[in-house]
Amino acid sequence: YGQSLGLKGKICRNWALNPHPTLIPAIESGWVESVHCFGSEVGMERYIEARPDIFFVGRDGSLRSFDAHKIASANGSRCGYGDRRTMFTASPYTSRTRSSM
C-alpha cells in the first residue's frame, strides 16, 4: 500500500526492534535502511551476519547491542529489562516473567 502511495524512502526507514522473519521482505525490497536491535529472534543469526549494511554488527557478525550484556555476564552481573529493583527473566511459559532483585 505504501508503495502505491509513493512513500518508499520517505517513511519507516530506520527501525529499533528485535529482528524477526516478517521484517525480511521489507529489508529485501529496500524499505528499511537500518535496524537497531535490543535482542534477536532464534534463527535470525545468519541473516543478521549476512546484512551488516542494515544491522549494527561487530567484526564477528554478532549484534552490537549484545556487547553490554556480554561484558556484564563476564563480570558476573545480572542483566535484564527494567530498573535496578526489578528485572525480567526468561520463562518457558511466558516471554518474560518479573522477579525481584
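Below is a table of values for the structure above.
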quantity	calculated
Selection count, the range 10-20, where residues are among the polar types (S, T, N, Q) and open to solvent by 90 Å² or more (accessible area, probe 1.4 Å)	1
When residues of the range 47-64 are limited to those that are part of a loop (DSSP other than H, G, I, E, B) and touching a residue at least 24 places away in the same chain (Cβ under 8 Å), the one nearest to the chain's Cα centre (by Cα)	ILE54
Residue that is open to solvent by less than 90 Å² (accessible area, probe 1.4 Å), modelled with pLDDT of 95 or more and either part of a loop (DSSP other than H, G, I, E, B) or not aromatic (Phe, Trp, Tyr) (or both), where the choices are LEU7, LEU23	LEU7
Matching option when the condition is at pLDDT 90 or above, open to solvent by 60 Å² or more (accessible area, probe 1.4 Å) and over 21 Å from GLY2 (Cα atoms), among GLU33, GLU28, GLU49, GLU41	GLU49
Lone qualifier among ALA72, ALA68, ALA16, ALA90 - being aliphatic (A, V, I, L, M) and modelled with pLDDT of 85 or more	ALA16
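The values are calculated or read from the model by the stated rules, or taken from the named source; none is laboratory data. None of these values were measured; they are calculated from a predicted model. Counting neighbours? That spans all protein chains shown, and the Cβs are built from the backbone with ideal geometry, glycine included. All accessible areas refer to the heavy atoms of the entire protein, side chains included, with ligands and DNA or RNA removed. Shrake-Rupley method; radii C 1.70, N 1.55, O 1.52, S 1.80 Å.
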